[in-house]
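Colleague: Let me give you the structure first, and then I'll get to my questions.
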Amino acid sequence: MDSQALHLIRNLSLSYEIALAIGNSLDLQEMLDQVIRTIVRKTGAHHGSVWLRCGDRLELIAGAGFRVKESNMRQARTRLARKLGEILDRGRPLAKTGEQEDFEEYWVPLTGKETKIMLIPIDKLVLIHLVFSRRDLADEGLVGILAGIAPKLKNAVLSCLYHDKELEQQIEETRWFEDAFQRSEAEYRNLVSNLNVGIYRSTVAGDFLDANPAFLKMFGFADLNDLATLRWPSLYANPEERQCFVQAITTMGYVKNLDMMFIRKGGETFWAQVTAVLSSFKGEKHVMGIVEDVTERKRLEIQLRESEARYRLLAESALAGVYLIQDGLFRYVNPALAAIFGYRRDEIEGKLGPLDLTVPEDRPTVVENIRRRVEGEIEAIHYTFRGLRKDGTVITCEVLGKRADYNERPALFGTLIDVTERKQVEDRMRYLGTHDVLTGLYNRAYFEEVIERMRDDFTQYPVTVVMCDVNGLKMVNDTLGHAGGDELLRAAAGVLRRCFRDDDIIARIGGDEFASILPQTGEQQGEGIAWRIAETVEAYNRQNPARNNPAPVLSISVGVATAEWPHRLLDEALKIADRAMYTNKAAQEMGVSGRFIRSLLAVLAERDLETEEHTLRLKKTAVLLGQACGLKEAEISALATLALVHDIGKVGVPDHILLKPSALTPKERVIMEGHAEIGYRIAMAAPELCPVAEYILHHHEWWDGKGYPSGLKGEEIPIACRVLAIVDAYDAMTNARPYRQPMSKSEAVAELRRCAGRQFDPELVEKFIPLIDRAPG
Amino acid sequence: MFGKVALFDGKEEAGWGPFLESLRREGIHGIFLMVGEATPFSFDHIRPLFAEAGIPVFGGIFPGVIFGESWHKQGVVGCAIDCPISLQIVKDLGKFQAAPGKASGAGFAGSVLVIVDGLALNISPFLEALFETYPGRANFIGGGAGSVSLIQKPVLFTSEECFSNGALVVGIEGFVGVGVSHGWEAMYGPLVANRTAGNVIIDLNWQPAFRYYKQIIEREAGEVVEPGNFFDMAKGYPLGMVRMDGSMVVRDPIKVDGDGNLLLVGEVPENSVLMVLKGNPGSLIHAAGQAAREAVAVFERRGGNTAAGALVIDCISRVLYLGDLMAEEIGAIRNNIAPTLPLFGFFSLGEVASPGDRYLEFLNKTTVVGVGR
């Protein structure tokens, strides 16, 4: 191959290889390293450098060849910068040989064999600096070749610089992100290290790879080396749980909130909740997880379960109804509550609300009570309402309810009991506390309560007070017994109830005393009430005549007074009315008893025991004998009265004894003999009969002391009684009876004489016998 | 610098002790051993003897060794070094960063003996880094150890270990005049190695490398090149990287891989402009003599007049190419140095040489001669 061709090849190859080195990299250092290495290698230079203008400085960027990267030589070459900068500014290539005086200003001697330097500036930006040690180098064309590629080299340098800036920016950003990442990682590590929950990484087989301090502490390990002595399977209290965990993590890839029991290194067991995920770490499957000690929570859960079971047992077996209401519906009711309302529990829970079990009238009250608790006005409440059972019956319910949070929302819970029976008893008791059982009117306690309440309530004035007293009650009790007296009182109450207005307070304040308070009633209206009472009593007596029964005559004494606020106080009016009533009573009492005795005698006559003829005969005969005995006029009068009423007590003897035709039994006899005392009490109650009451009591005493009721004998027996005994016996013997024929006078006299000294006063018998013919026959 | 140089046939391990003892004498700083690859050399057996020497013992296993006018596949040439040395062991050429600054300071003006694993990767980057960082004013001389079978083995050794894929860098406080020449001439070109990977050319002129190379050889030289005869044929048609001074850095194609790529001894930078070279025994032998002359001239220019030895590093492919004419190449070297000057050396897989005035390259098919005191 001829030398000309080889020369061309040399130049072309240099141009070609440098051109390809340019732009081969966007890293300025790398690109210029390749360029200068190619140049040095191709030119056989001893070494070469590339300088770059950076602002007002010239910097050595790249080099190739002998010792260019030795640190001492790099420093030495920097002193060339100023001189080389002048060459660059001048913009023309420069070659210096060892023969020139300023040769050494452009190079740093290395071997002493340097013979030539070549400086090639490129567009005042880049300076290529070559040093040759051999003189035989063919440098022809080198400058031209480098000049030819100069624009390309310049553009490549600018591209690299631009890229460098971008790279710097990227590096800056990367550094920022790295710093941020490192900070974040440091914070994360700090967080992980200080977390109270354990964090670990292990193989699927259970070999630990990493764990945070909380994990080590939780499982009782001193450090990671200590942790490496054990594997997961040995930390499970229950091996089956380990199998479940491994199966779940390998099939699903994760487990979440799994509660399991573990064993600390020291042997202590504890509960922990595990959340773990299967992840790839450097191509290997690892388990990363979080472990939280939930022993305390578990303990509380167990306690809660036990407590819940206990309370559920209490609630389920409670006799009282227990309920929980939320959002207007029963969320829980116990069997007792369901039974109270006649439902099954599933018919109530979640389907019915409290209003469904309440009568319509009480629903506003229930709604209001619920509202007050839900809105927090009150915490608890105790009230009653009327409940509506499934069968429609109404019951009275007593609720003790309280506000509570259930599932983090307001709810109501409480107990409910059926107090229907108790309510009825209470109502009865309350009624009895304020009412008179016999008459149904208010009682004295309530009356006084009303007086107390009304005393200072001026809105009620004027208040009229009416005091009433039933006349002759004692006599009725004594003659007809308390049943008769009670009947009389009920009749009086009925009359009074008809005479007063609905708003007036009528009360029985004593045995025979009634009183009434008439609010907002003046004196004139009060007087009208008194008249109305009198008229109503009269009407009653007319409608209830004493014919077939011993019904007493109704008589009521009335006193009226009006309290005019503030001139006359209520207490004063009460006293005035009371006095007026007693005045009225005194006037009426006498007439009442007389009428009553006549009524009693009429009743006896009706029973056909004593005919009016008999009593009149007896009266005449007794008067004759009394006169024969020399009795005084008053005694004769009393003897006459005694003859009329001595058996008045028989009104208290039942008919089956009184009218019994056969002999009486001992018990019947006792009842029969009681008529003497009954008669005595009647007489004592009636002013007209008081003087003969003693005689009525003893009119069955015998001379020999074997009579009744007191066993008096001889002259201890009042003479009126001894007279009546002889006269009554003779009249009875000589007049027919339903069960026997009448005796003759002689037979009667004989009987009298036979009984004289035993039953009868013998002296009086003898005085009587002569009078027989004068006695009415 | 060069002390006693001796040849040991290496047939018996028992001979190693006396051999080493014969080299070790007072004032010796190290022993450089060149072992022919056919020598029954068991490092583990011999190492205790190295340790007993009390001085650095280092060296390599080469395709052959040169001693006097003869060369041997079996045998050991030992060279005692009688000036201070610094031995750096480079285990991984790709990771080499810088030469040691301590052992050889800034004032260092000696020579650097570089023995590399000739079949290692990254030889050129290693040499560039070494050249750019080595302090002082050094000459470089050396070559690649290895087997002609081209199978990589541990071929470098010191008193401590035997290894491959690395290098031994020996700074010697003595000047060596270095002469380099190859004698190959451009036959065809230029070509562009537009796709390479280290010491592999994938594309040549944008065509599959082997196919294109084969076409050129067949067309220009009338030789048929096949993968089966590639080594034998290609040894006569190496590739040359063009330099501006008209020189060529030779790259020796030694193998075709299954993908049709050319494997070389030494790297070829991508986009290098290449020439296909050819040679003839005469030019090669002449070049060897020229290398010797240059070495002597350089040595003498530095004022050296009492050379103690001539270290010859001759590429094994030249030996294979020259065949029986190899004796003439050795003779050409001998003829250009002093008749009494000990001549020794080794056949190499690649050569290293720089007299310090140009870029340090890993050479192929080249003869390197170093003449030192």
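The values are calculated or read from the model by the stated rules, or taken from the named source; none is laboratory data. The structure presented is a predicted model; accordingly, all values stated were derived computationally and were not measured. No Cβ is skipped: glycine too gets one built from the backbone with ideal geometry, and neighbour counts run over all protein chains shown. Accessible surface areas use protein heavy atoms only, side chains included; no ligands, DNA or RNA. Shrake-Rupley method; radii C 1.70, N 1.55, O 1.52, S 1.80 Å.
Colleague: Among the listed residues A:V727, A:V670, A:V645, A:V723, identify the single one that is buried (at least 21 other Cβ atoms within 10 Å of the Cβ) and within 25 Å of A:H482 (Cα to Cα).
Modeller: That would be A:V645, the only listed residue that is buried (at least 21 other Cβ atoms within 10 Å of the Cβ) and within 25 Å of A:H482 (Cα to Cα).
Colleague: I'm trying to understand the selection: among the residues of the range B:350-369, which are away from chain A (no Cβ under 14 Å) and either small (G, A, S) or open to solvent by 10 Å² or more (accessible area, probe 1.4 Å) (or both)?
Modeller: The one that is away from chain A (no Cβ under 14 Å) and either small (G, A, S) or open to solvent by 10 Å² or more (accessible area, probe 1.4 Å) (or both): B:G350.
Colleague: Please verify whether the range B:351-366 includes one or more residues that are among the β-branched types (V, I, T), free of Cβ contacts under 8 Å to residues at least 24 places away in the same chain and in a loop (DSSP other than H, G, I, E, B).
Modeller: Within the range B:351-366, none of the residues are among the β-branched types (V, I, T), free of Cβ contacts under 8 Å to residues at least 24 places away in the same chain and in a loop (DSSP other than H, G, I, E, B).
Colleague: Pull up the range B:42-60, narrow it to residues that are of a type in the set (A, V, I, L, M, F, W, C) and at pLDDT 90 or above, then point me to the one that is nearest to the chain's Cα centre (by Cα).
Modeller: B:F58
Colleague: Moving on. Pull up the range B:169-180, narrow it to residues that are open to solvent by 10 Å² or more (accessible area, probe 1.4 Å) and within 14 Å of chain A (Cβ to nearest Cβ), then point me to the one that is farthest from B:R243 (Cα to Cα).
Modeller: That would be B:F175.
Colleague: Considering only the range A:27-50, I want to know if a residue exists there that is among the charged types (D, E, K, R) and closer than 14 Å to A:G141 by Cβ.
Modeller: yes
Colleague: Filter the range B:134-168 down to the residues that are among the β-branched types (V, I, T) and over 12 Å from B:G60 (Cα atoms), then identify the one that is least open to solvent (accessible area, probe 1.4 Å).
Modeller: B:I141
Colleague: Can you tell me how many residues in the range A:264-291 are closer than 18 Å to A:D207 by Cβ and either basic (K, R) or open to solvent by 50 Å² or more (accessible area, probe 1.4 Å) (or both)?
Modeller: 9
Colleague: Just checking, which of A:A214, A:A205, A:A248, A:A237 is surrounded by fewer than 13 Cβ atoms within 10 Å (Cβ to Cβ) and among the hydrophobic types (A, V, I, L, M, F, W, C)?
Modeller: Of the residues listed, the single one that is surrounded by fewer than 13 Cβ atoms within 10 Å (Cβ to Cβ) and among the hydrophobic types (A, V, I, L, M, F, W, C) is A:A205.
Colleague: Which condition from (1) closer than 29 Å to B:V5 by Cβ; (2) away from chain A (no Cβ under 13 Å); (3) modelled with pLDDT under 95 is the one that B:K95 breaks?
Modeller: (1)
Colleague: A:Q182 - would you say it is under 49 Å from the mean Cα position of the chain (by Cα), polar (S, T, N, Q) and open to solvent by 70 Å² or more (accessible area, probe 1.4 Å)?
Modeller: no
Colleague: Further, regarding this structure: Would you mention how many residues in the range A:385-435 are under 21 Å from the mean Cα position of the chain (by Cα) and in a strand (DSSP E or B)?
Modeller: Residues flagged as under 21 Å from the mean Cα position of the chain (by Cα) and in a strand (DSSP E or B) within the range A:385-435 amount to 26.
Colleague: So A:A336 fits all but one of (1) open to solvent by 20 Å² or more (accessible area, probe 1.4 Å); (2) out of contact with any Cys (no Cβ under 9 Å at 6 or more places or on another chain); what number is the exception?
Modeller: Just one mismatch for A:A336, condition (1).
Colleague: Please state which of the following conditions A:I682 fails to meet, knowing it meets all the rest: (1) at pLDDT below 90; (2) in contact with a helix residue (DSSP H, G or I) (Cβ under 6 Å, 6 or more places away or on another chain); (3) closer than 28 Å to A:S744 by Cα.
Modeller: (3)
Colleague: Pick from the range A:1-19 the residues that are touching a helix residue (DSSP H, G or I) at 6+ places or on another chain (Cβ under 7 Å) and more than 7 Å from chain B (Cβ to nearest Cβ): which of them is surrounded by the most Cβ atoms within 10 Å (Cβ to Cβ)?
Modeller: My answer is A:I18.
Colleague: If you check A:L209 against the conditions, is it free of Cβ contacts under 8 Å to residues at least 12 places away in the same chain and of a type in the set (A, V, I, L, M)?
Modeller: So A:L209 does not fit the description; no.
Colleague: Out of everything in the range A:511-529 that is within 51 Å of the chain's Cα centre (by Cα) and modelled with pLDDT under 90, what residue ends up being farthest from A:N544 (Cα to Cα)?
Modeller: Out of the qualifying residues, it is A:Q520.
Colleague: Show me the helices (runs of 4 or more DSSP H) entirely contained within the range A:642-717 in which 2 or more residues are farther than 27 Å from A:L625 by Cβ.
Modeller: Where helices (runs of 4 or more DSSP H) fall fully within the range A:642-717 and carry at least 2 residues being farther than 27 Å from A:L625 by Cβ, they are A:655-658, A:666-673, A:675-685.
Colleague: Check B:D252, B:D324 and return the single one that is charged (D, E, K, R) and within 18 Å of the chain's Cα centre (by Cα).
Modeller: After ruling out the rest, the residue left standing is B:D252.
Colleague: A further question on this structure: Please count how many residues of the range A:446-460 are at pLDDT below 90, open to solvent by less than 70 Å² (accessible area, probe 1.4 Å) and within 22 Å of A:G511 (Cα to Cα).
Modeller: Counting residues in the range A:446-460 that are at pLDDT below 90, open to solvent by less than 70 Å² (accessible area, probe 1.4 Å) and within 22 Å of A:G511 (Cα to Cα) gives 2.
Colleague: Do the conditions hold for A:V394, that is, is it closer than 30 Å to A:I506 by Cβ and open to solvent by 60 Å² or more (accessible area, probe 1.4 Å)?
Modeller: So A:V394 does not fit the description; no.
Colleague: Now a separate question. Can you confirm whether the range B:314-323 contains a residue that is touching a residue at least 60 places away in the same chain (Cβ under 8 Å), open to solvent by 10 Å² or more (accessible area, probe 1.4 Å), within 14 Å of another protein chain (Cβ to nearest Cβ) and closer than 25 Å to B:Q152 by Cβ?
Modeller: No, there is no match, as no residue in the range B:314-323 is touching a residue at least 60 places away in the same chain (Cβ under 8 Å), open to solvent by 10 Å² or more (accessible area, probe 1.4 Å), within 14 Å of another protein chain (Cβ to nearest Cβ) and closer than 25 Å to B:Q152 by Cβ.
Colleague: Among A:A573, A:A534, A:A551, which is the only one that is open to solvent by less than 50 Å² (accessible area, probe 1.4 Å) and modelled with pLDDT under 80?
Modeller: Of the residues listed, the single one that is open to solvent by less than 50 Å² (accessible area, probe 1.4 Å) and modelled with pLDDT under 80 is A:A551.
Colleague: Next question. For A:Q627, only one of the following conditions fails: (1) modelled with pLDDT of 85 or more; (2) out of contact with any helix residue (DSSP H, G or I) (no Cβ under 8 Å at 6 or more places or on another chain); (3) of a type outside the set (G, A, S). What is its number?
Modeller: Condition not satisfied by A:Q627: (2).
Colleague: Name the residues in the range B:182-215 that are away from chain A (no Cβ under 14 Å), part of a strand (DSSP E or B), of a type in the set (G, A, S) and in contact with a helix residue (DSSP H, G or I) (Cβ under 7 Å, 6 or more places away or on another chain), would you?
Modeller: Selection gives nothing.
Colleague: Is it the case that A:D704 is acidic (D, E) and within 19 Å of A:H614 (Cα to Cα)?
Modeller: It is false that A:D704 is acidic (D, E) and within 19 Å of A:H614 (Cα to Cα).
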